[in-house]
Structures are given as structure tokens and as C-alpha cells.
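Student: My structure is below; once you've seen it, I'll send some questions.
The values are calculated or read from the model by the stated rules, or taken from the named source; none is laboratory data. All figures in this text were calculated on a predicted structure; none of them were measured in a lab. Note: ideal-geometry Cβ built from the backbone for every residue, glycine included; neighbour counts use all protein chains shown. Just the protein is used for accessible areas: all its heavy atoms, side chains included, with ligands, DNA and RNA removed. Shrake-Rupley method; radii C 1.70, N 1.55, O 1.52, S 1.80 Å.
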Amino acid sequence: QVQLVESGGGLVKAGDSLRLSCAASGRTSSPYVRAWFRQAPGKEREFVAAISWSGGETRYADSVKGRFTISRDNAKNTVALQMNSLKPEDTAVYYCAADRRFGVPVVAGEYNYWGQGTQVTVSS
């Protein structure tokens, strides 16, 4: 089992930056892909970014490409999401996800471990 805890959410203005972090604990010795998803009110959970175990492969949703950067520190069992040039449409609850596999899936159903979520609100 792996436990995930997100932090770093908050209220910012359009154009600002925010950095989310997700700490993993438990059985973290296996290779885990790590990802971020988000869910806005009344909408389905959507993929944001993912990073492979080695960090050598990343994938981004088109809506955040060029603005968001995912990174990981396996020594600390953390993954971060640097969000720049934030827009009001980025407002959502952001969830950290993980799964014991290689590759970088973009479908929520491929991930078995989830954090509780952290709210990000971007005002115009």
C-alpha cells in the first residue's frame, strides 16, 4: 500500500504561479508512475501530468503544456507540479495519483493510489 498526501494548494490570481507537492509513504520501493489529475465542480476528473519512475518520460494535458512542469525526487518519495501562468480555468481540486507500473498512463482508472486532493483557486 502507498499513501499519498498533497500540499501547496491555495487561492491565487490569474498569471500567478503555484507549486503543488505530493509525498508518498508506505511501500514506495517499487517503481511507481506518479501523476496529477484535477476535478472542477460539475466536471469529470481529468488528467494533468504524469512522470515515469525514472523521470525520463513525462506527459501533459494539452491545456497545461508549456505552463505546468511535473518533477519527482525518488530519494524523498515526492512529486511536484509547478504551475505557472495560472488561469481561472485551472481552478479545481488537484489529486496526486500513483501506480506500480512502467510507462505514463493518462487515464484515471489506471491508477490505484490517490491522495485526498488539494484545492487550487485562480481568480480573474
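Student: How many residues, within the stretch 88-124, are outside any loop (DSSP other than H, G, I, E, B) and either surrounded by 14 or more Cβ atoms within 10 Å (Cβ to Cβ) or out of contact with any helix residue (DSSP H, G or I) (no Cβ under 9 Å at 6 or more places or on another chain) (or both)?
Tutor: Within the stretch 88-124, residues that are outside any loop (DSSP other than H, G, I, E, B) and either surrounded by 14 or more Cβ atoms within 10 Å (Cβ to Cβ) or out of contact with any helix residue (DSSP H, G or I) (no Cβ under 9 Å at 6 or more places or on another chain) (or both) number 21.
Student: On the given criteria, is R72 part of a strand (DSSP E or B), surrounded by fewer than 21 Cβ atoms within 10 Å (Cβ to Cβ) and among the charged types (D, E, K, R)?
Tutor: Here the answer is no, as R72 does not meet what is asked.
Residue by residue, here is whether (1) assigned to a loop (DSSP other than H, G, I, E, B); (2) on the phi < 0 side of the Ramachandran plot; (3) of a type in the set (D, E) holds:
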site	(1), (2), (3)
W36	no, yes, no
V48	no, yes, no
R59	no, yes, no
S63	yes, yes, no
A80	no, yes, no
S85	yes, no, no
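Student: So which of E46, E57 ends up being among the acidic types (D, E), over 30 Å from S124 (Cα atoms) and surrounded by fewer than 18 Cβ atoms within 10 Å (Cβ to Cβ)?
Tutor: Only one candidate passes the filter, namely E57.
Student: Here's something else I'd like to know. Looking at T91, T69, which is the one that is in contact with a Ser or Thr (Cβ under 9 Å, 6 or more places away or on another chain), at pLDDT 95 or above and over 15 Å from E46 (Cα atoms)?
Tutor: T69
Student: Identify, please: which residue in the stretch 13-34 is part of a strand (DSSP E or B) and of a type in the set (A, V, I, L, M, F, W, C) and is, among those, most open to solvent (accessible area, probe 1.4 Å)?
Tutor: So, considering only residues that are part of a strand (DSSP E or B) and of a type in the set (A, V, I, L, M, F, W, C), the one most open to solvent (accessible area, probe 1.4 Å) is A23.
Student: Can you say whether S85 is more than 21 Å from N112 (Cα to Cα), over 14 Å from the mean Cα position of the chain (by Cα) and open to solvent by 50 Å² or more (accessible area, probe 1.4 Å), as far as the supplied structure shows?
Tutor: Considered against the rule, which asks whether it is more than 21 Å from N112 (Cα to Cα), over 14 Å from the mean Cα position of the chain (by Cα) and open to solvent by 50 Å² or more (accessible area, probe 1.4 Å), S85 comes out as yes.
Student: May I ask you to list pairs of residues, at least six apart or on different chains, whose Cβ atoms are under 9 Å apart, with the first in the stretch 14-38 being within 19 Å of T58 (Cα to Cα) and without any contact (Cβ under 8 Å) to a residue 60 or more places away in the chain and the second being open to solvent by 50 Å² or more (accessible area, probe 1.4 Å) and among the basic types (K, R)?
Tutor: A23/K76
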